[in-house]
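Only one structure is covered here, and it is reproduced in the block below.
The values are calculated or read from the model by the stated rules, or taken from the named source; none is laboratory data. Quick caveat, the model's predicted, so the values are computed rather than measured. We place every Cβ from the backbone using ideal geometry, glycine too, and count neighbours over all the protein chains shown. In case anyone asks, the SASA skips ligands and DNA or RNA and just uses the protein heavy atoms, side chains included. Shrake-Rupley method; radii C 1.70, N 1.55, O 1.52, S 1.80 Å.
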Number of protein chains: 2
Amino acid sequence: MDHEALKTGEVAARAGVNIQTLRYYERRGLLEEPSRRPSGYREYPAEAVRIVRFIKRAQELGFTLREIQELLRLRESEKASCAQVRSAAQAKIDDIDHKLASLKAMRRALGVLVASCRSDGSVRQCPILEAIDEKEARS
Amino acid sequence: MDHEALKTGEVAARAGVNIQTLRYYERRGLLEEPSRRPSGYREYPAEAVRIVRFIKRAQELGFTLREIQELLRLRESEKASCAQVRSAAQAKIDDIDHKLASLKAMRRALGVLVASCRSDGSVRQCPILEAIDEKEARS
DNA sequence: CTTGACTCGGTACGTAGGTACAGGCTGCAC
DNA sequence: GTGCAGCCTGTACCTACGTACCGAGTCAAG
């Protein structure tokens with residue numbers, strides 16, 4: 001089993017991240033502190049690569065490192081239930097739905113503004129700037 | 001015209017921002033450096049309140065401070081054309097569309113995961129964790 | 001045994017947008 | 001004329017996620 005020990009650079013290369021990132025994850029508590037050689041060199045188990053990849057994929061799904069830390073905790077725990085994971089995923093969905101709604105509102109508002117601005121004049125009559133500027137005069 | 005001079009706290013209150021925020025905007029170059037009393041107190045024109053409100057509304061539309069700085073520059077400039085403003089707005093729309101697409105992809109993926117996880121078992125068989133974990137085994 | 005690549009810890013920097021102190025003046029109402 | 005609210009500068013801190021650099025020690029191939 002000892003032949004599976006990986007050095008920092010090897011883990012980084014296999015997981016496709018920077019070495020500093022590994023140390024950062026370790027500081028954050030996402031990556032367990034690995035054992036060390038007498039020289040201080042870290043010796044990672046092969047599992048570490050899987051964990052880093054897990055982190056990266058969870059990030060792509062929108063989870064923050066804090067949330068991923070919790071997912072990893074659940075993953076390790078024997079007692080954790082699948083329902084807890086599902087609830088974390090659902091919370092993230094709700095989160096994303098909020099962001100989507102907010103972005104869509106922005107998009108809509110900007111679309112209206114751009115559509116209102118068909119003139120080629122100076123900024124003096126720019127409907128877009130006026131709209132941002134004088135919104136309070138409208139109510 | 002002198003009776004319109006506002007102190008920092010007054011501008012902040014009328015624009016609904018923190019005093020530090022005004023100084024931050026000044027450092028960033030969004031807010032022109034106001035004149036000073038002999039004591040060093042800032043004396044803002046009433047216009048400053050309008051500018052800060054402009055900034056806040058532009059932020060709500062998704063513009064960054066850097067972009068807003070450019071919008072303010074256009075607003076001040078006599079030579080600037082409405083088309084430049086429109087193009088900034090369109091660029092921001094494209095920006096938002098990218099973010100929307102990315103968020104929707106996340107949302108879809110998470111939706112599939114949550115739907116796949118109907119079990120109430122332990123995390124050992126959690127389809128969500130497995131999906132994040134073993135994605136590379138699928139290809 | 002040398003040499004070049006690798007690793008170590010610690011710290012600083014980067015983005016984006018602020019917020020919070022500390023310590024010291026100023027302005028004004030009573 | 002005094003007391004306290006308000007303002008001044010400068011600096012540090014916050015979230016989130018890393019990156020970069022430094023000087024020093026280590027590993028392994030030739």
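A compact table of results
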{"quantity": "Computed accessible area, A:LEU65, all protein chains, 1.4 angstrom probe, square angstrom", "calculated": "20"}
{"quantity": "Largest-first principal axis extents, alpha carbons of the range A:97-139, Å", "calculated": "39, 23, 12"}
{"quantity": "Heavy-atom accessible surface that A and B bury in contact, both chains counted, 1.4 Å, Å² to 100", "calculated": "4900"}
{"quantity": "Accessible area of the protein assembly as shown belonging to carbon and sulfur atoms, whole % at 1.4 Å probe", "calculated": "49"}
{"quantity": "The range A:1-80 - accessible surface per residue (Å², probe 1.4 Å)", "calculated": "62"}
{"quantity": "Distances in nm from A:GLN20 to the matching label points in the other copies, shortest first (labels 7 Å along Cα to Cβ)", "calculated": "2.6"}
{"quantity": "Cα extents of the range B:20-81 along the three principal axes, largest first (Å)", "calculated": "39, 27, 18"}
{"quantity": "Shape parameters for the protein assembly as shown, alpha-carbon atoms, Rg then Dmax in Å", "calculated": "26.1, 83"}
{"quantity": "Fraction of the pair-distance distribution of chain B above 18 Å, Cα-Cα pairs, percent", "calculated": "69"}
{"quantity": "Where no second cysteine Cβ lies under 4.7 Å, the cysteines concerned in chain A", "calculated": "A:CYS117"}
